[in-house]
Amino acid sequence: MSNSKRDTIAVRTGIATDTQHQAVVPPLYLSTNFTFPEFGAVPKYDYARGGNPTRSHLETALTELEGGAGAVVTSCGMSAINLLVSLLDSDDLIIAPHDCYGGTYRLFDSRSKKGAFSVEFVDQSDNEALQKALARKPKLVMVETPSNPLLRVVDIAAICEQAHKVGAWVAVDNTFLSPVLQQPLTLGADFVIHSTTKYINGHSDSVGGAVVAKDPELAESLAWWGNCIGATGNAFDSFMTLRGLRTLGARMRQHERGAEEILAYLAKESAVRKIYHPSLKEHPGHEIAVKQQSGFGGMLSFELDADLEGLKVFLGALKLFSLAESLGGVESLVTHPGSMTHRAMSDEAQAEAGLAPTLLRLSVGLEDPQDLIADLQHAFRTLGDNRS
């Protein structure tokens, strides 16, 4: 199926492969262990931590969608990143974005303090700062583009070329766009990371992650470490995620359409101080995004022209945007990164990353965009009434 288009891969992986009862949809295998055919003959699946038929279907689909050599499905997005850094030694250095997801920041910062590796957080859009960091010869360069939550964009191909010259691997967190809208391995990356909880699953009812490797040997190493440290995902979450994956292409197109309409509305709203989205021509990463992305996705952020009390009023008036963490589900969400997804970062680290106190992040769902805009209009009116 490797020559098929992405929508076809997402829909057809595992379909009509059941040889027991010829089920169209592959069955869910909940068994924790599997029988050995005879003494000394090790089967493909022996214990579910190391391998499971249901999880294998999802790993195959993600591998083909990203154009990789192999994937490991993990228990969550953070366990995917933790699995990746299991490949590092204590004297290795990670170069990470200064504005990365708060959980990634927390993991790298905490593990480096325990001596697992060293980490340097860098503004990767600052070429001088990046070159200075690369001169330290890192083992891994972690890239997050578009970034969470400011949707900054960096040039994946350029960073990969520069990193490979100093012998570094490059891993790209592709959660915001999914393989439908961006394929980092084709741009030179060595690994792609997903929180499959988000767009891959798409229904906010299953937690998971994945690491896809371009090189077969690295894929085997990840699989070995996944089993060794117990990072692998369970069968039921894999089944649910594969079910969600089948509609990924259709959902991403609808998420993007909704985000476009909301952006057009927010651009006219006087209570919006600044909008962050790479589709905007004034966005610093717009040209790079056009070059390396197939679309702009359903995530956007904006700064509210209000104080914290006004922020509370605005959020309380929303009905169709649920105040919650996570993203990529069919339902629309609003998040305050400073007190939610990025609260693990100190105030100083948040300020350095550019996270304003009134920054809000929207995950645009599949509701009718006009209903979502009406909900935002109501919240802005409530904010205005409260001021007067």
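Of all residues in region 25-44, those satisfying the criterion of being surrounded by 12 or more Cβ atoms within 10 Å (Cβ to Cβ) and either within 30 Å of Gly249 (Cβ to Cβ) or modelled with pLDDT under 95 (or both) are Val25, Pro26, Pro27, Leu28, Tyr29, Leu30. Of the helices (runs of 4 or more DSSP H) lying entirely inside region 245-347, the ones with 1 or more residues being modelled with pLDDT of 95 or more, of a type in the set (Gly, Ala, Ser) and within 19 Å of Ala379 (Cα to Cα) are found at 248-266, 308-317.
Filtering region 81-104 to residues that are over 14 Å from Leu140 (Cβ atoms) and either small (Gly, Ala, Ser) or modelled with pLDDT of 95 or more (or both) leaves Gly102, Gly103. Considering (1) closer than 30 Å to Leu185 by Cβ; (2) in contact (Cβ under 8 Å) with a residue 60 or more places away in the chain; (3) over 17 Å from the mean Cα position of the chain (by Cα), the lone condition that Ser56 does not fulfil carries the number (2). Restricting attention to region 198-217, the residues that are of a type in the set (Ser, Thr, Tyr) and surrounded by 24 or more Cβ atoms within 10 Å (Cβ to Cβ) add up to 1. Strands (runs of 3 or more DSSP E) fully within region 123-220 that include at least 2 residues being free of Cβ contacts under 8 Å to residues at least 40 places away in the same chain and either closer than 29 Å to Ser4 by Cβ or over 12 Å from the mean Cα position of the chain (by Cα) (or both): 169-173. The set of residues in region 316-351 being farther than 16 Å from Ser195 by Cβ, of a type in the set (A, V, I, L, M) and without any contact (Cβ under 8 Å) to a residue 24 or more places away in the chain consists of Leu323, Ala351. Please go through region 288-324 and pick out each residue that is farther than 28 Å from Arg387 by Cα and either outside the structural domain of Gly258 (by TED's automatic domain parsing) or not hydrophobic (A, V, I, L, M, F, W, C) (or both). Once the filter is applied, which keeps residues that are farther than 28 Å from Arg387 by Cα and either outside the structural domain of Gly258 (by TED's automatic domain parsing) or not hydrophobic (A, V, I, L, M, F, W, C) (or both), region 288-324 yields Lys291, Gln292, Gln293, Ser294, Gly295, Gly297, Gly298.
Mind listing just one residue for me: the one in region 276-300 that is of a type in the set (A, V, I, L, M, F, W, C) and crowded, with 19+ Cβ neighbours inside 10 Å and, of those, nearest to Ser326 (Cα to Cα)? If we take residues in region 276-300 being of a type in the set (A, V, I, L, M, F, W, C) and crowded, with 19+ Cβ neighbours inside 10 Å, then Met299 is nearest to Ser326 (Cα to Cα). Of all residues in region 357-388, exactly one satisfies the criterion of being at pLDDT 95 or above, loosely packed, with under 15 Cβ neighbours inside 10 Å and not in a helix (DSSP H, G or I), namely Asp368.
Given region 1-104, what helices (runs of 4 or more DSSP H) lie entirely inside it while holding 3 or more residues that are of a type in the set (S, T, N, Q) and closer than 22 Å to Asp205 by Cα?
Hits in region 1-104: 53-66.
The values are calculated or read from the model by the stated rules, or taken from the named source; none is laboratory data. If you're wondering where the values come from, they're calculated on a predicted model, not measured in any experiment. In this analysis, Cβ positions are derived from the backbone assuming ideal geometry, glycine residues included, and neighbour counts consider all displayed protein chains.
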